[in-house]
Amino acid sequence: MEEYKYHKNFKKNVMFSKEKCQFCGSEIDCLEGTYFDNPEIKSVCVSCFKRKKAEVLIPEFIKNKIKKDLNQEIEELKYTPPVPWIQYNDWQVCCDDFCIFIGEWKKEDFIREALDYDPIEFFKSLLNEYTLSLVDDINILWNDIGNNTAAFVFECAKCNRKIVVCQSY
Ligand SMILES: [Zn+2]
Ligand SMILES: [Zn+2]
C-alpha cells in the first residue's frame with residue numbers, strides 16, 4: 001500500500017469517487033476530485049496521482065503558516081490524498097511543518113483516547129484555535145460530532161501534539 005508522510009491510513013480516510021479516473025479510465029481507487037480544490041480535477045486514481053497527473057491546490061493561508069523555506073513540504077502535500085473536507089482545506093501546521101492527518105474521529109474515539117479524563121474536556125483541549133474561538137457551548141459541538149459536524153484529527157510528527165479541526169455542514 002502507498003504510504004504518505006502527511007496522511008495515515010489514507011484508504012480508510014479519503015473519499016473515493018464512483019467516476020472513472022479522468023487520466024487512464026481506471027475504476028480502481030479513484031480519489032474524489034472535489035477535495036483537490038482544483039476545478040480541472042474530477043476523479044484521479046491512486047496510481048495516476050502517484051505519477052503526479054493531478055495535484056491538490058494548497059491555499060496561501062496554509063503555506064503562510066510555515067516560516068521556513070518549504071518547497072519540499074508543499075510538494076509532498078500537493079501529492080497527498082486530500083482530507084474529505086466539509087468546508088475548505090485547513091491542513092494543520094505545528095513545529096513549522098505540516099501535521100499528519102490521522103482520520104476523522106467519532107465520539108467513541110475521543111472517549112477511548114481520553115482514558116481517565118473527561119472526554120468532552122479532552123476533546124476541547126485538542127481543538128484548534130479557530131474552532132475553539134467559534135465554540136459557545138462545547139456540549140452542543142460534542143453532541144453534533146457524527147451528525148452535522150466532522151472532527152478531523154491531525155498529529156504533529158515532531159511533538160506528537162494532536163490537533164482537531166471541526167467542520168459542520
Ligand atoms: Zn488513473
Ligand atoms: Zn508540534
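Computed from the coordinates by the stated procedures, all read-outs in this text should not be read as laboratory data. These figures come from a predicted structure and were not determined experimentally. Cβ sites come from the backbone with ideal geometry, for glycine too, and all protein chains shown count toward neighbours.
The table below lists the values:
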read-out	value
Helix-only CD estimate at 222 nm, as mean residue ellipticity for the chain, using -39500 (n - 2.57) per DSSP H run (n ≥ 4)	-6500 deg cm²/dmol
Relative contact order (%) - criterion: Cα under 8 Å, at least six apart; region: the chain	21
Positive-end residue, the chain charge dipole about Cα centroid, Cβ charges, pick of Cys159, Trp142, Ser17	Ser17
Full-extension gain in nm, Asp37 to Cys95, via 0.36 nm per residue minus C-alpha separation	18.3 nm
Cα gyration tensor shape of the range 1-115, rounded if a/c is under 1.5, else prolate or oblate by comparing a/b with b/c	oblate
Positive minus negative residues near Lys68 (Lys, Arg vs Asp, Glu; Cβ under 10 Å)	-3
Computed lengthening from Lys78 to Glu19, 0.36 nm per intervening residue step minus Cα-Cα distance	19.1 nm
Label-point separation, Ser47 to Glu113 (7 Å along Cα→Cβ), nm	3.4
Surrounding net charge for Ala54, when Lys and Arg each add one and Asp and Glu each subtract one, Cβ distance under 12 Å	+2
